[in-house]
1. Please work out the C-alpha center-to-center distance from region 201-221 to region 157-175 and express it in whole Å.
2. Rank 132, 42, 242 by mean-square fluctuation in a GNM of the chain with C-alpha springs under 10 angstrom and give only the top-ranked residue.
3. For a footprinting-style exposure proxy, rank 207, 231, 250 by other Cβ within 10 Å, fewest first.
4. Two decimals, Cα atoms only, Kirkwood Rh: what is Rg/Rh over region 7-54?
5. Regarding the chain, what are the three Cα extents along the principal axes, ordered largest first, in Å?
6. Under a GNM of the chain (C-alpha, springs under 10 Å), which listed residue has the highest mean-square fluctuation: 73, 129, 17?
7. Given the DSSP H assignment, sum -39500 (n - 2.57) over each helix run of at least 4 residues in the chain and divide by its residue total; what's the result at 222 nm in deg cm²/dmol, nearest 500?
8. Could you list 232, 166 in order of exposure, starting from the residue whose Cβ has the fewest other Cβ atoms within 10 Å?
């Protein structure tokens with residue numbers, strides 16, 4: 001792979017934006033996965049699709065409408081779960097299906113699918129502008145700063161919500177803050193992998209890291225590393241082979257996951273073999 005492609009401005013912007021998005025997706029996604037809310041990001045992405053369609057239908061800038069709808073959906077979903085005791089997977093399913101349905105209806109009323117809609121569905125990271133890159137970097141920096149400042153509270157509420165309440169942590173406010181951050185992260189990430197593949201960036205690097213990590217900190221570092229490697233390698237490979245970056249990023253994430261499965265399986269086999277050997281000798 002020639003390093004000449006790194007001299008192109010659009011490639012530099014894509015990689016920088018991709019790394020920023022990989023950082024926030026893997027970080028926010030880790031808290032969601034540990035809370036057993038893996039599909040939450042997917043549901044928010046589909047609700048954002050409805051927001052984008054509403055923006056196009058009403059003649060407003062669709063991304064800003066998507067941010068508003070995603071954040072509103074995240075807060076509404078959390079409130080419904082708390083008030084009506086509906087299971088998490090059921091509320092996610094309702095939000096996911098309703099978001100995509102509203103989007104399809106509004107797009108049909110607006111004259112059908114366009115190139116812009118397809119780029120939002122499947123990502124368009126190679127077309128990111130300088131302004132978009134600065135905006136993504138600013139949002140990513142703000143999200144990471146908030147997470148670092150509230151790391152203790154987020155960790156407490158993730159692993160032991162009841163203990164967090166006893167310790168005086170405002171659990172409800174922390175939960176609302178996390179879903180707001182998740183909504184912002186989802187819409188920001190749409191340019192990278194698109195609406196249809198957004199959950200992969202939230203889930204796959206984190207599940208892979210959880211299998212291999214021995215502590216929360218190690219798991220977080222592994223997740224970030226896997227996400228950044230997948231994004232950078234996927235962008236470069238997509239340009240070389242002239243294929244869609246979003247699909248390539250997800251495939252590389254899956255390849256890392258499968259490799260981790262192999263490593264974990266080999267390690268378990270070795271562990272059981274050693275135990276059997278010790279039992280025979282004893």
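What follows is calculated from the coordinates using simple rules that are stated; it is not laboratory data. All figures in this text were calculated on a predicted structure; none of them were measured in a lab. Here the Cβ positions follow ideal geometry from the backbone for every residue, glycine too, while neighbour counts run over all protein chains shown.
1. 22 Å
2. Per the Cα network of the chain with a 10 Å cutoff, 242 tops the list.
3. Numbers: 207 18, 231 31, 250 23.
By the 10 Å Cβ count, ascending, the order reads 207, 250, 231.
4. Working: Rg = 14.3 Å, Rh = 12.6 Å.
Dividing the radius of gyration by the Kirkwood radius yields 1.13.
5. 77, 55, 33
6. Residue with maximal mean-square fluctuation among 73, 129, 17: 129.
7. On the way: 12 runs with 234 residues, N = 282.
The helix contribution divided over the chain gives -28500 deg cm²/dmol.
8. On the way: 232 17, 166 10.
By the 10 Å Cβ count, ascending: 166, 232.
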